[in-house]
Amino acid sequence: MDSTPAQRIEKLRDEIRRHDHAYYVVAKPTITDQQYDKLFEMLRSLESAHPDLVTEDSPTQRVGGTPTKGFRHVTHATPMLSVDNTYDAQQLRDFDERIAKGLSAQKYSYIVDPKIDGVAVALTYEHGLLVLAATRGDGTTGDNITTNARTVTSIPQCLVGAGVPALLEVRGEIVWPVKEFKRFNAARKKQGETTFANPRNATTGTLKKHDSSKIAGRGLMFIAHGFGRIEPMTAKTDDELFAQLKSWGIPVDPMRTPYESIEKIIDRLDVWDKKRKDFTYETDGLVIKVDDLAQRETLAATSRYPRWCIAYKFAPEHADSVLLSVDYQVGKTGTITPRAVMEERKLSGTMVRHASLHNFDQVERLGLYIGAAVRVQKAGEIIPQVVKLLSTKPEGATPIPRPTQCPVCKGDVEQDEGGVYIRCINPTCPAQLKERLTHFASRNCMDIEGAGAVLIETLVDAGFLHDYADVYHLNERRDELIELGRLGEKSVDNLLAGIEVSKQRPLFRLLAALNIRHVGASTAELLADHFESMPNIVAATEESLTAVDGVGPEMAASIVHFFKSKEGARSVERLEAVGVNMTQPKRPDVASGPFEGLTVVVTGTLETMGREEAKGLIKRLGGKVAPTVSSKTNLLVFGASPGSKLSKAEKLDVEAIDETEFLRRADSAFP
């Protein structure tokens, strides 16, 4: 008797899942890509003929569906904590001493995982079916990316094998393998599109896409390295648990290795550093974890880090090259920054030809000259910078001159009084204009959706934009924008709608957007709250400005200079004429705010606001903001990647709260 369509569909699904397991988990494919594609197409055709038999966990549903309108926030059942970092062997020995002390006389061993440079996610399975995928977020709350995660072929939609628990939350990284990343970039380049800078940032951007169909086919993969809730938990050690995960179809890192002691790990650090260059994904270190799960419970965690694990970071990768020339870049405040042009070298997985030289004092400190042999490394594995001169300067070597005119507009330049920066002082310089307009439209300023740096540059070059107010006249040039060919009709309409909405941004956003030297988001908010309207700020004297808490003499002089200048006065006048909001009613003072009398430090990346905005809020609610943690600090507010300030706060027994708790306390002041 012939099998039914339902039976044929289920048989094909099972076969495809087995091949996925062989490819992504065991790393031993049993059929060719062409054979796999043929099976997949057979399943797709059958499901197309019988749409009532399509299920959410079918392999065909990985291709993505209808775009989502946004990501729903989800709270992790147990926090996704960060891992403390260390950079040398002695710090690893110090960590081992703390483990030995915490476990008294117990014997213990370690598991070492490569520290994967990807996007941290948690996958939740109920009775073997994938029900939720969430980003790490702030460790407590993340984004629900289940629809996007289903397009990642290595993430099993249903688990296989015996002993699958009723509830399983596995944690790991979604990465873009270097080979697949290069393939995708090559295709974009061939089509004339902008290529991505590095796999990690590109993975982050990919997972934030609201249209999951654009994610399928990019070759992202998932690698497990941790876990949350598991019910029932039968494993006694990390090693045993990950053998179970692998048997259930979850990809685990084949490089994870057990070690009996910290000294044996230290002896292999150089070997790990060398062989990581051959990994399929990018990594910048090792994660060292106590293997026994009961011992982990004994060691517990701080408010931020588990005490039972630590990350060892490899020294930044460097490359040696030859300095061919130096070009100059002009920023939004006219700052002229030297940039090295070198013989191309491979560095941290990318080909590097340019590197930052920061400023001309740095050029002189390094003793650079044209033709010099130099060492380059990536700051934070992202930004290349020249760190060392490797050759001796010969007689007659070509020096690197300080600019005597702007490299873009050929206008006059000046060096900051008492500072290191050289600036173009021509207010109509096109390079400055592009940078200023990009800043003006950015998220923390006027927040104009779709007005990114590339579009701004195109519009300036095409003669559409000459100052801030021209942005608000683009609605009069809709047809010309479409003819420009940069944006489609719908994109142009979305851009114009975003521009119109931005007119009603609060006054402090406009102040921050005007690019007044020394005035950031926090200061802009203080000024707007104090003076309530743009005319009042324009009329303010240096004396009245310094009366505002947080505004010093140098900043006050800069504000007065801006509004008295022809450029500043014209900007305000034209923006007011096009209907941009110029007022901000004074918010009621909080008589007894939640931070009254407290000295507060803010560190890390906050999700809902910039650090300067958080500092302004603390001040309005009675607190005093300090730049560093000390014995006088009462409270630390931390976001993602808090760095050493959180560790110092814990050592000094300073209360540390995350962004969620900070917002809860702040909101209590405004019933």
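The values are calculated or read from the model by the stated rules, or taken from the named source; none is laboratory data. Computed from a predicted model, the values in this text were never measured in an experiment. Cβ atoms come from the backbone with ideal geometry, glycine included; neighbour counts cover every protein chain shown.
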Item to check | Positions within segment 431-452 being surrounded by fewer than 21 Cβ atoms within 10 Å (Cβ to Cβ), at pLDDT 85 or above and touching a helix residue (DSSP H, G or I) at 6+ places or on another chain (Cβ under 6 Å), in sequence order | outcome: Thr438
Checklist entry - When you scan segment 509-561, how many residues do you find that are part of a loop (DSSP other than H, G, I, E, B) and of a type in the set (Ser, Thr, Tyr)? => result 1
Item to check | Filter pass, Ile174 being part of a loop (DSSP other than H, G, I, E, B) and crowded, with 19+ Cβ neighbours inside 10 Å | outcome: no
Next on the checklist: Quick check on Gly371: is it modelled with pLDDT of 85 or more, farther than 20 Å from Gln329 by Cβ and in a loop (DSSP other than H, G, I, E, B)?
Outcome noted: yes
Checklist entry - Residues Val376, Val408: which one is in contact (Cβ under 8 Å) with a residue 12 or more places away in the chain, in contact with a Ser or Thr (Cβ under 8 Å, 6 or more places away or on another chain) and surrounded by 18 or more Cβ atoms within 10 Å (Cβ to Cβ)? => result Val376
Item to check | In segment 82-116, the residues that are of a type in the set (Gly, Ala, Ser) and farther than 19 Å from Trp272 by Cα | outcome: Ser82, Ala100, Gly102, Ser104, Ala105
Checklist entry - Quick one: which of Thr428, Thr392, Thr398, Thr404 is hydroxyl-bearing (Ser, Thr, Tyr), in a loop (DSSP other than H, G, I, E, B) and closer than 21 Å to His561 by Cα? => result Thr428
Next on the checklist: With the requirement that a residue be surrounded by fewer than 12 Cβ atoms within 10 Å (Cβ to Cβ) and either at pLDDT below 75 or not in a helix (DSSP H, G or I) (or both), what does segment 42-71 give you?
Outcome noted: Thr66, Lys69, Gly70
Item to check | Within segment 502-535, considering residues that are closer than 24 Å to Arg436 by Cα and without any contact (Cβ under 8 Å) to a residue 40 or more places away in the chain, the one surrounded by the fewest Cβ atoms within 10 Å (Cβ to Cβ) | outcome: Leu511
Next on the checklist: Looking only at segment 577-593, count every residue that is modelled with pLDDT of 85 or more and more than 19 Å from Glu525 (Cα to Cα) and tell me the total.
Outcome noted: 3
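This table checks each residue for (1) under 22 Å from the mean Cα position of the chain (by Cα); (2) in the same structural domain as Arg17 (by TED's automatic domain parsing); (3) not aliphatic (A, V, I, L, M).
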| site | (1), (2), (3) |
| --- | --- |
| Tyr108 | no, no, yes |
| Leu129 | no, no, no |
| Thr141 | yes, no, yes |
| Asn148 | yes, no, yes |
Item to check | Condition check for Asp270: among the acidic types (Asp, Glu), touching a residue at least 40 places away in the same chain (Cβ under 8 Å) and either part of a helix (DSSP H, G or I) or more than 22 Å from Glu173 (Cα to Cα) (or both) | outcome: no
Checklist entry - Just a yes or no: is a residue in segment 199-207 touching a residue at least 12 places away in the same chain (Cβ under 8 Å), assigned to a loop (DSSP other than H, G, I, E, B) and either out of contact with any Asp or Glu (no Cβ under 7 Å at 6 or more places or on another chain) or surrounded by fewer than 22 Cβ atoms within 10 Å (Cβ to Cβ) (or both)? => result no
Next on the checklist: Would you confirm whether or not segment 250-266 contains a residue that is more than 29 Å from the chain's Cα centre (by Cα), modelled with pLDDT of 95 or more, of a type in the set (D, E, K, R) and part of a helix (DSSP H, G or I)?
Outcome noted: yes
Next on the checklist: Looking at the structure I just gave you, is Glu500 of a type in the set (D, E, K, R) and farther than 22 Å from Ile618 by Cβ?
Outcome noted: yes
